[in-house]
Structures are given as structure tokens and as C-alpha cells.
């Protein structure tokens, strides 16, 4: 198996498609960047799909090719972790619409020979899941032992049993929601407008000039980043402390508009480093997919209807300081799962770190996921 | 087999194999684990304490963090063979509503509670003049989660008022069963199997 070119780090495949999209458009071919860890067992029954969040990618437990940083979820995935390549065959693929090897606005449109830009079809969370299913077909995996995701990854995880009821045995949904709220959409619209207001955006057609709307994308990231943290977390980390000046001079009010406060400096850094590694158009497309997400709407307005045909077990986890997707959103999911008679576990964990808590060190989260995944099929 | 609390052992012995149960206030899932592993029961749990929920989920049980006082409404009618409420009735803010919910969600219900009319409790109040602190009721009045103390006779009266049938009952003193007639005086613990 190890010599199979389909398996390993930094894989890329061009599938013929077509992939029929919720918008009515279709995508062909379908490019997918992905990674696998561990060994697929004899009966292909140990596959675990990891779904990434808005700005995540397939490098879940390997160094990022651009930033060189370790994988984004090495706390959950790796030797001795709840999801362990010694036991599991782990797959993580870049969602379509993104910019790390999967089809997205920066991909060349075969019809024109130019990057799609805004001609890329608008995609949904369910479309991302359908693309993942195509990848699984390519890898020879009929059924997942589990699908696991946090935030937008949790939405994909929820969409899996709703879209492919018999193809998944267990579903882990962390810090997520079954639909985007007005507030969620509002924050995303701020980000999109920041990108589109940047003159360098040029209607999305900025690839040839090699001069992307980095300033707009950075502002979008700054606004979104605030929603990933908690007020208590920001206060603890920065308070009202001033940023030290270059040369080591103590910080003070400049009576100007430099980044006087540490929190300003931090956000500016977050924005800039993000625009180095992410495509602004992808940010538009993926936030759109998130805003369109309403799993109940896809099932006649009844969320329980999404889970009627699956026998999968579910584990739902929220964090008490997460105000982006607060605990009540997880409870809505749990209520629907109960109404559908599904096996569901739910726990609200305590953390001061807001939405980002799912990516941070949380022994309780690991304990819950480990126990959940070790049970049943 | 892990050693179950005596009231839970009674329930475990009397749940039909292969049935579907909801354990409300399931703690760390001790009863659910025994029912699942030794009786082939399809067990679900509801528990208010997040540490207990994490412990139960990490042993592979399906447990939802929630409050019996507010979250039972989310469960569909007659979706379980048994609803189990062990040592939780006396902690709920609306025991009558919880009792009705039990028999709405489950076709039958097990309810267990510490008997506040046990002679030791009576003596403690009579001679000491202080709220009783006993082996089964170890907390002082300001610490106890038990906000609705109940006696066996009180509970029987409530069942009568609500038209609830007692299919079976067990009365425990320590881990030994005691007679039904003088249970209100001699039982530390009661377990009822109820239906409508």
C-alpha cells in the first residue's frame, strides 16, 4: 500500500468529474489537493476523514508548504493522539473553492486558459462534501469509519451523513453549527466588502498582474479573527498594553494612528501573514458557502430530516466561551439528532479561548474524541 | 462486573435485555455501561455535569450534557422502553413535570430516591433538631443539591394523584432489600418501576 502513489503527503489528483453543484453549475475536471496518513487496512474500514475550517488546508499534521509551520491539528492527529496513523487511515483534503491545490477561483478555467476568478461557480458546504466523496471513490474507500471537523469542518462533518447516509459510521462535530446566523453572515460581509473595496481586487481578476488585494484580505482576516477569540482571552493576552517601539523603547500613546496597542499590532500581523498564504477570491467563495449553509433548509426545514436515513453515531462538542458558534447552536443539532433517534453524545467544554479553543490544547476534548472513536463501527 | 450502587443494581437486574433506555442523571455512565455490556441494552444518557459527561463519552457511551428540568422536552414521545431517573428526582426544580416527562418519553420508568422518612433521618431531626446529615444524605442543608426531599409515602401519594401505576417496587436498607409495608420507616432507598 505504501508504494501506492494515491497515498501520502502533498498529493494532488485531477478527477474527470463532472461534479454537479447546488447552484446548478457543474465542475469538470475537479482538482483535489490532499494528504493521507497511516495505512488503509485490508477491508478499507479504518478511514477517518478530517474536514478543515475556512482558512485551513490539507496539511493537518504535516508542515505547511508556505509557512513551514507544523500541521494545524497535531494536537488531535498523530502518534498516541485520538486520531492515530498507527490505527487509522487519515485523509484530509483541501475544500473546493480554496487555494491549496483544489479547484478554486485561482484554478485555470479550461474554457479560457485563464484563472477562473469570479467565473468560478459559487459552491456550498454540500458541494465540498460531494468533492470529498469523489476523492474517496478514487482512493477506494466506500465507507468512512468517521468524519471529524471543527467550525466549517464541523458543517462538512454534519453534511456527510445527510448527503451520504450509508458512507459514514461516526461523526464528530466540534465548535460548529447547523446554519449560519445573521450575525455570522454580517461579519463575513464585512470581510468580503473589505476585499472588494480594495482597488487591487479588480473584480477578482488580479492574478495576471500578480498584485493581489492583500490589504483588503488582511482587513477581512482581522475582522474574522476577532470572532475566533473571546473578550476574556483578548483581555488576558493584551489588556490595554502598549506595543514596544522598534529599538526596544517602551510603548506609549503616539497621538497618531500607529499600532499603539498590542492588540492592534497582533491583528495587523494576523492580517498580513494571512494574506501571504491565502487567495482573496477563495476567501469570498468559502465565506459565501458558509453563509449559504442551512442544513435544515436542505431537508424541508426540519433539521431532524437531515439525519433520518443514517445509522451513524454523533459526537457534538462546544466551548463555553465560543460566541461565533455558541453552545445553543450545538444543542439545536443535538435536539434534532435526538428527534431522529440517533446515537448522540454532547458536551460543552470550558475554555477561555473562544471559538479557537478547538485548535488549542484541550485534554478533555482529546479524551472525549478518543473514547468516542474507539467505540462501535 | 463493576460494583453498582444498590439502587442501580436493582434497576440493572430488572431492565429487559435488548431494550432501549434513557438514563436521566446518568453520572459517569456506570449503569449504562453495565446495561450495554451485560444486557445488550441500547443506552442513552442525560447528565448535567460536564466532567461526568466527558467520562461517560470517553467510555464510549452516548451521553448528552443537559438538565432534566429543561431538556427532557426535546425527546420524542415513547421513544424509549425505559426512562431511568436514579437519585435525581429530589434535585429537580419541578419533580412532577419530570415524572410526567419520564412516562411520556419511556413506556415505563424506573425512579429511585433516598427516603427522607427513614428512621435515622426522623431521629436526627427529632432529637438533634437539625437538618439530617446521614450516609445517603451526606450534605448539609446549604450544600445539598436535594431541594425536594421526598418520602416513600409522599411519592406513593403523588403517583396516586397523577394516575401512575406502580408495576413493581423495591426498598433497600444498605444493600439489602426490606419489606414494603413498613418501607417508609425502614427503607433508606426506594426504587419504583412505573407505567401509565
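List of remarks:
- Against chain A, whose longest principal axis is taken from its Cα atoms, helix A:182-197 shows a tilt of about 60°.
- Kirkwood Rh and Cα Rg combined as Rg/Rh, region B:1-97: 0.93
- Whole-number D in µm² s⁻¹ for region B:76-196, Kirkwood Cα-pair radius fed into Stokes-Einstein, 10 °C, 1.306 mPa s: 107
- Every helix of 4 or more DSSP H residues in the protein assembly as shown counts as -39500 (n - 2.57), and over all residues that averages to -9500 deg cm²/dmol at 222 nm.
- Principal-axis tilt of helix A:327-339 within chain A, Cα atoms, nearest 10 degrees: 10
- Here region B:32-84 was treated as a single set of alpha-carbon atoms; its pair distances binned every 5 Å from 0 give 4, 18, 27, 25, 19, 6, 0 percent.
- Rg/Rg_globular for the protein assembly as shown, with Rg_globular taken as 2.2 N^0.38 Å and Rg from C-alpha atoms: 1.13
- Each of A:287, B:144, A:112 has some number of other Cβ atoms within 10 Å of its Cβ, and from fewest to most they run A:112, B:144, A:287.
- Region A:263-377 - convex hull of alpha carbons, volume per residue in Å³: 148
- Computed log10 I(q)/I(0) for region A:279-335 at 0.19 Å⁻¹: -0.89, from the Debye equation with unit scatterers placed on every C-alpha and solvent omitted.
- Debye intensity ratio in log₁₀ form over the Cα atoms of region B:56-129, taken at each q of 0.12, 0.13, 0.16, 0.17 Å⁻¹: -0.45, -0.51, -0.68, -0.74
- Rounded, prolate or oblate (a/c below 1.5 giving rounded, otherwise prolate when a/b exceeds b/c) for region A:229-300 by Cα gyration tensor: prolate
- Compactness of region A:184-286 as Cα Rg over 2.2 N^0.38 Å, two decimals: 1.21
- Descending semi-axes in Å of region A:1-108, equivalent ellipsoid built from Cα gyration tensor: 25, 17, 12
- Here A:37, A:325 are placed in order of increasing Cβ neighbour count within 10 Å, fewest first, which gives A:37, A:325.
- For region A:88-160 and region A:262-283, distance of Cα centres in Å: 23
- In degrees, nearest ten, helix A:363-374 long axis to first principal axis of chain A (Cα): 20
- Computing Rg and the Kirkwood Rh from the Cα coordinates of region A:79-206 gives a ratio, Rg/Rh, of 1.02.
- Shielding score for A:359-372, defined as the mean number of other chain Cβ atoms within 10 Å: 3
- Shape call, region B:11-61: gyration tensor on alpha carbons, a/c limit 1.5: prolate
- Each of A:190, B:64 was scored by other Cβ atoms within 10 Å of its Cβ. Arranged with the fewest first, they read A:190, B:64.
- Cα centroid of region B:1-80 to Cα centroid of region A:343-368, whole Å: 22
- Shape class for region A:133-212, computed from the alpha carbon gyration tensor (a ≥ b ≥ c): oblate, with a/c not under 1.5 and a/b at or below b/c.
Throughout, read-outs are computed from the coordinates displayed, never taken from laboratory work. Quick caveat: nothing in here was measured; it's all calculated off a predicted structure. Every residue, glycine as well, gets a Cβ built from its backbone with ideal geometry; the counts of neighbours run over all protein chains shown.
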